[in-house]
Amino acid sequence: MIEVENLTKVFGSIWALRGVSFKIEKGESVGFLGPNGSGKTTTLRILTCFLPPTSGRVTVDGHDVIQDSMEVRRRIGYFPEKVPLYPWMKVLTFLNFVAEVKGVGRTERKRKLFETMESCGLAGVAHRTIGNLSKGYRQRVGLAQVLINDPPILVLDEPTVGLDPEQISEIRKLIKNLSKERTIFLSSHILPEVSMLCNRIIIIHQGKIIAEDTQENLAARLQTASRLLIKIEGPREEVRKRLEMIPGVSKVEEKERVAEKIFVYLLGVRKDVDVAREISSVVFNNRWSLLEMRQLEMSLEEIFLNLITQEN
Amino acid sequence: MNFFPVFKKELQSYLSSSIAYVIMTIFLTLSGFFFYTDVLNFNIRNMGGGITLTEGVWLYFFQDIRFIFLLIIPLLTMRLFAEEVKLGTIELLLTYPIKNIEILTGKFLASLSLLLLILILTLSYPLSLATIWEVDPWSLLAGYLGLFLLGTSFIACGIFISSLTENQIVAAVATLGVLILFWFLTWNEAIAEPSLMEILLRLSLFDRTYNFFRGVIDTKDVIFFMLFILFFLFLTLQSLNSRRWRGVR
């Protein structure tokens, strides 16, 4: 459905993309993951015909983004990162405008408008001015303008950024529903979001693709180690020594002193060994107290670091 | 050509913001005042009779209106593209299945409609005069055609400049500057050589309207305005297309 071959993009002296290639099959939901400034938005903008590539070839459903731009645009619904909307327009007027521009026929327009507003939860604000809507509603209007002509491919640039948790879960649910019958290419810098919505992940860093795999494979590849945060009441030196002796613990780091004799330690542990049980028995045997123990998720930055060091 | 949705959107935008109403109010107030003084003037000068309405009222009235155009048309066109870029909505427009020329046509026709509306409103002046005086409709029509072509030229120029910036104020001021330049090209009569003057005279928007206002439609003048308008619309289209090859971030 989407084929990107050796794509580069140069802005002045800045190389935003340095030879990006990937393929997305029909019906796939693919997550595009990368830190800010890694080239996600640039890639999406080239894909949606907003920017031309410096070199390389991008085709959507067999149509070239340069030569056959109109055909590409007809097939793609694009949700830009900043959700640009006309603040002075009413929701319904705006969606009607988009439907007209996208060539939704007069007879089905009314039904389409109704359906889209219903599915995006906009029915209640149809006659409100967009500029007065909350961020969550604006995001929904942004999604509605994508869906109004029922495009087979959705390109979504950070669709949940800046929303509160409840809104995020609503938008995710909506996207999850959409992914059943469409090809979705979704960019994000939040790993859990991508893993929830997509069955394949492409990771981009500094304009290059550094990993491309299914969610499970990536996780297995990356998360061989994790970190534990524990708070223990007990003599510092002693605790530290005993923790280091536990098999599977690679390093012990003192994080902070909470009170007399109470310290927070950060442990690097292997994933395949049950360290928690061992820790609690050590604490129990020494008559210390275990006040807190939790596993720290790997942040995106660490995953990138991991990937980059793996590469080299 | 699928320009209608954009056309409709632009009209809605004009009418939903206060700017269209402010512009119309200013225009009607000033033009009403000019009309009133021009008629008073005519009355005094026409004591002995013999001066036609075209020479005595319309010529002055239309010339006055040009100044109001200079004031209001940059305000009318400044937002057309600058606002889209500022809001980021240009990213929507340029990724929807609609051609650049359709976007431009929609926007151009929308501002043109507003100009027409303003001109139609001023018809109340000759109509009121017609109740006490005999008004020659044909010379009046020639004058209105001149105004319309002049206004359209201003709009074409303004749209082009609006497509170059994301700042509406910059767009308005720059348009005003360019129009004034085109207008007063021939002011340096004393210094310019005759051959240069010849060329400048042909380019000056100011001088091109004179025939119309006297009630004479000269094809050369009409063609001049048409070329002026097409030239700037062409430039605008190139500016829009260049967003693609320049790869603006």
If you rank A:Ile148, A:Ile262 by fewest surrounding Cβ atoms within 10 Å, what's the result?
A:Ile262, A:Ile148
Quote the charge dipole size of the protein assembly as shown about the Cα centre in Debye, to the nearest 20; the model charges only the Cβ of Lys and Arg (+1) and of Asp and Glu (-1).
1040 debye
Given B:Tyr210, B:Leu94, B:Pro137, which one lies farthest toward the positive end of the charge dipole of the protein assembly as shown, if we put +1 on the Cβ of every Lys and Arg and -1 on the Cβ of every Asp and Glu?
B:Leu94
Using alpha carbon positions and the Kirkwood radius, the Rg to Rh ratio of the protein assembly as shown is 1.17
For A:Lys251, counting only lysines whose alpha-carbon sits under 20 Å away and dropping same-chain residues fewer than eight positions off, the answer is A:Lys231, A:Lys241, A:Lys271
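Over every pair of different alpha-carbon atoms in segment B:1-148, take the mean of 1/r and invert it; report that Kirkwood radius in Å.
That comes to 17.4 Å for segment B:1-148.
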If amide H atoms are built 1.01 Å from N in the plane of the peptide, which residues on other chains or at least 5 residues away come under 5 Å of the amide H of A:Leu291?
A:Lys231, A:Ile232, A:Glu233
Euclidean distance of C-alpha centroids, segment A:86-108 and segment A:122-184, integer Å:
16 Å
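Within segment A:23-123, which trypsin sites (Lys or Arg not before Pro) sit in a loop by DSSP and count at most 16 neighbouring Cβ atoms inside 10 Å?
On the way: sites: A:Lys23, A:Lys26, A:Lys40, A:Arg45, A:Arg57, A:Arg73, A:Arg74, A:Arg75, A:Lys82, A:Lys90, A:Lys102, A:Arg106, A:Arg109, A:Lys110, A:Arg111, A:Lys112; in loops: A:Lys26, A:Lys82, A:Lys102.
Here the trypsin sites (Lys or Arg not before Pro) that fit, given the DSSP loop and packing criteria, are A:Lys26, A:Lys82.
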How large is Rg/Rh for chain A, to two decimals, with Cα atoms and a Kirkwood Rh?
1.10
Starting from 0.36 nm per residue, how many nanometres of slack lie between A:Ser281 and A:Asn6 once their C-alpha separation is accounted for?
93.5 nm
Helix A:165-178 sits off the longest principal axis of the Cα atoms of chain A, rounded to the nearest 10 on a 0 to 90 degree scale, by 60 degrees
Unsatisfied cross-links (Cα-Cα over 32 Å) in the set A:Lys26/B:Lys107; A:Lys135/B:Lys99; A:Lys23/B:Lys107
A:Lys26/B:Lys107; A:Lys23/B:Lys107
Partner shielding of B:92-103, taken as the mean number of other chain Cβ atoms within 10 Å, equals 6
To make sure I understand, if each residue's beta carbon is the centre and we count other beta carbons within 10 Å, what order do A:Met117, B:Met78 fall in, fewest to most?
A:Met117, B:Met78
Under the Karplus relation with 6.51, -1.76 and 1.60 and θ = phi - 60°, whole-Hz ³J(HN,Hα) for segment B:14-20, x at Gly and Pro, equal 4, 7, 8, 9, 6, 4, 4
Cα centre as origin, Lys/Arg/Asp/Glu Cβ charges: segment A:2-221 dipole, Debye:
540 debye
Kirkwood Rh, angstrom, segment A:155-216 [1 / mean 1/r, Cα pairs]:
12.4 Å
Over the Cα atoms of chain B, each weighted equally, I'd like the Debye log10 I(q)/I(0) at q = 0.08, 0.16, 0.18 Å⁻¹, rounded to two decimals.
-0.35, -1.19, -1.38
Angle, helix B:137-162 long axis vs. longest principal axis of chain B, Cα atoms, 0 to 90°, nearest 10?
30 degrees
Taking each residue in A:100-112, count the Cβ atoms of any other chain within 10 Å of its Cβ, then average. What number comes out?
2
The farthest towards the positive end of the charge dipole of segment A:2-221, of the residues A:Asn149, A:Ser188, A:Phe32, given +1 on Cβ of Lys and Arg and -1 on Cβ of Asp and Glu, is A:Asn149
What does the charge dipole of segment B:4-246 about its Cα centre add up to, to the nearest 20 debye, if the Cβ of each Lys and Arg holds +1 and the Cβ of each Asp and Glu holds -1?
720 debye
Within a 10 angstrom radius of the beta carbon, how do A:Leu44, B:Leu71 rank from fewest other beta carbons to most?
B:Leu71, A:Leu44
Using only the Cα atoms, what convex hull volume per residue in Å³ does segment A:1-136 have?
146 Å³
As I understand it, the value is the acute angle between the Cα axis of helix A:106-119 and the longest principal axis of the Cα atoms of chain A; what does it come to in degrees, rounded to 10?
20 degrees
Name the aspartates and glutamates eligible as straight-distance cross-link partners of A:Lys112: C-alpha to C-alpha under 13 Å, and not fewer than 8 places from it in the same chain.
A:Glu100, A:Asp150
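Give me the inter-chain shielding for B:5-18: mean count of other chain Cβ atoms within 10 Å, whole number please.
Mean inter-chain Cβ contacts per residue within 10 Å come to 3.
Bear in mind that the values in this text are calculations on the coordinates, not laboratory data. The model shown is predicted, which means the values in this text are computed figures rather than measured ones. With ideal geometry, Cβ positions are generated from the backbone for all residues, glycine too; neighbour counts draw on all protein chains shown.
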